[in-house]
1. For the pairing of chain A with chain B, what total accessible surface becomes buried, with a 1.4 angstrom probe, in square angstrom to the nearest 100?
2. For region A:303-309, what does the Karplus curve 6.51 cos²θ - 1.76 cosθ + 1.60, with θ = phi - 60°, yield as ³J(HN,Hα) per residue in whole Hz, taken in order and with x for Gly and Pro?
3. Rounded to the nearest 10 degrees, what's the angle between the helix A:2-19 long axis and the longest principal axis of chain A, both from Cα atoms, 0 to 90?
4. Go ahead and run the numbers for FRET between A:Thr225 and A:Glu108, Cβ-Cβ distance against an R0 of 25 Å, rounding to 0.05.
5. Taking all protein chains in place and a 1.4 Å probe, what share, in percent, of the accessible surface of region A:366-451 do carbon and sulfur account for?
6. Could you calculate the contour length gain from A:Leu158 to A:Leu400, that is, 0.36 nm times the residue separation minus the distance between their Cα atoms, to one decimal place in nm?
7. Could you pull out every residue, at least 5 positions away or on a different chain, whose amide H is within less than 5 Å of the one on A:Met406? Hs are placed 1.01 Å off N in the peptide plane, and Pro or chain starts have none.
8. At what distance in nm do the modelled label points of A:His217 and A:Leu196 sit from each other, each positioned 7 Å from its Cα along Cα→Cβ?
Amino acid sequence: MQLKDKQLGTRLALATTALLGIQGQVQAGDGDWLVSTAVLSYSESDGRVQAVEPVLNLTRDFGDERSLNLRLVYDSLTGSSPNGAARANVVQTFTSASAAGRKSRAEEEGDDDELEEYGDRGSYSIAPGDLPLDPSFQDSRTVFSAGWTQPLGDVYKLNLGGALSSEGDFSSISINAAIARDFNSKNTTVSLGTNLEFDTIKPEGGLPDAFSSYASHDTSAAEDTKQVADLMLGVTQVINRRWITQFNLGLSQSSGYQSDPYKILSVVDNGNLVADAANPGDYLYLFENRPEDRQKVSLYWQNKVAIGSDDVIDIGYRYMTDDWGVNSHTLDLTYHWQAGEHVYFEPHYRYYEQTAADFYKPYLVNGEDVSVYGLYVDPHISEASSDPRLAAFSANTYGLKVGFPMRQDEEISVRVEYYQQQDNNTAPAVPEGSDLYGQQQFSPLKASWVQVGYRFRW
Amino acid sequence: MTHLRFISRAVLLLAVAAGLSGCAGVKPWERDLLAKPQMALDSDPLQTAFDEHIYFSKEASSGGRGFGGGGCGCN
């Protein structure tokens with residue numbers, strides 16, 4: 001332990017001298033493990049989601065191209081998340097399912113601390129013109145993953161891995177395997193991989209029935225599952241001394257529970273919110289429902305081109321299409337500028353755009369999507385969601401990373417990214433003076449994040 | 001049907017890329033630039049994982065580069 005502390009002290013001293021631009025006499029050890037650590041601080045504007053995410057990654061090379069990779073991620077989330085209801089010109093009051101569930105459980109267990117924190121958050125009101133956000137959003141996520149790489153015969157390379165992920169209301173287990181073969185003096189590599197994922201969704205307060213009322217929160221089950229199978233075919237090609245390119249074709253099939261159990265839709269009649277007959281004074285909000293199957297196809301193309309002796313251009317493009325009606329284009333550009341032996345800069349730009357899912361609706365129209373007869377709701381559609389992730393939008397990301405390589409396998413880096421969405425949806429017309437008149441139903445997200453990383457040999 | 005056409009075109013593109021290898025021939029002693037860490041296709045895997053998780057939580061697309069693994073409720 002003393003030795004480790006000494007090693008850590010040496011590394012910190014080395015890191016400090018490098019940051020200060022001093023060429024010190026300190027040398028870090030040449031350990032067997034490559035340790036990569038990083039902390040991400042993520043923040044959305046308007047008091048939406050805030051997250052802090054530390055990561056520890058260990059890689060050990062056992063020689064003969066055999067290596068082990070272990071990763072532990074912890075994610076702490078707080079803040080507010082859009083509940084899916086429409087922005088309106090009137091005050092809207094919501095009884096949060098997750099807060100209500102937490103509150104009733106705390107009452108049963110006599111948990112005073114939890115009651116103090118959530119006791120007054122079972123219900124919340126949204127001012128006219130504000131985006132309806134559920135303020136009780138709080139979760140933590142822990143992910144552990146492991147991977148093993150080894151040669152298989154003379155020309156093949158095998159990769160096996162798995163991951164476990166756990167949140168308060170969600171757990172996931174996945175396994176993956178990939179095989180790669182080199183051709184043409186290692187100038188071409190062809191790989192084929194597969195990933196199988198098994199998820200369990202267990203929302204606070206149970207699984208809401210599709211299109212059931214938010215206030216009543218009818219449930220028929222406590223939990224449900226989802227399975228995802230991915231297949232990926234990839235080709236990596238060295239074009240010349242300065243250019244390497246990669247193509248990936250990905251197929252993904254997911255089936256099971258794909259809805260968001262906390263997302264609701266407003267019911268609107270001629271631009272006005274429809275009242276909930278079962279709960280006088282409240283408006284009617286219905287739980288969303290998504291298809292049980294989804295097939296995605298993606299094509300990814302990446303290029304790395306060396307400029308001069310140390311600079312690199314990285315250009316990536318991805319096209320994705322799925323049977324929910326979402327088509328997307330992603331362009332990613334990074335320039336690696338090696339400003340000196342111990343410092344580099346990486347400006348980054350990303351452009352993204354997607355079409356809306358076929359069942360995306362900012363709200364449900366009474367008489368068209370559903371018919372409300374007093375206490376009875378008759379849905380005319382089988383799926384609908386107002387989740388902004390399924391809407392039509394484009395997004396720009398601007399970033400800058402600064403890295404301080406100290407020696408081989410030792411580096412400190414800091415990066416900042418800024419993300420901004422733009423609304424590409426066509427808003428349905430509503431009568432002048434109605435509850436929804438003049439309100440934008442898609443709220444473009446603004447977010448920024450900072451990552452600090454340190455990599456060294458142990 | 002659209003998907004099938006897209007997949008067949010993509011496979012054709014992959015085949016063309018693989019075919020390019022016939023005219024490429026970078027020798028081991030010419031790999032000085034390709035061997036630099038900044039030329040690795042994924043030069044910072046932790047950064048890639050962070051960004052993929054963020055975009056997966058906020059957009060309808062995911063993957064392409066590799067498998068995410070681990071899943072996410074992402075409410």
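1. The buried area between A and B, both sides summed, comes to about 6200 Å².
2. Result, rounded to whole Hz: 10, 10, 10, 7, 10, x, 9.
3. Tilt relative to chain A: about 90 degrees.
4. For A:Thr225 and A:Glu108, the calculated efficiency is 0.45.
5. Result for region A:366-451: 52 percent of the exposed heavy-atom area is carbon or sulfur.
6. 83.6 nm
7. A:Glu411, A:Ile412
8. Result: 3.6 nm between the two label points.
The values are calculated or read from the model by the stated rules, or taken from the named source; none is laboratory data. Just so we're clear, the structure is a prediction, and the values are computed from it rather than from any experiment. Don't worry about glycine lacking a Cβ; one is built from the backbone with ideal geometry, like all the others, and counts go over all protein chains shown. Accessible surface areas use protein heavy atoms only, side chains included; no ligands, DNA or RNA. Shrake-Rupley method; radii C 1.70, N 1.55, O 1.52, S 1.80 Å.
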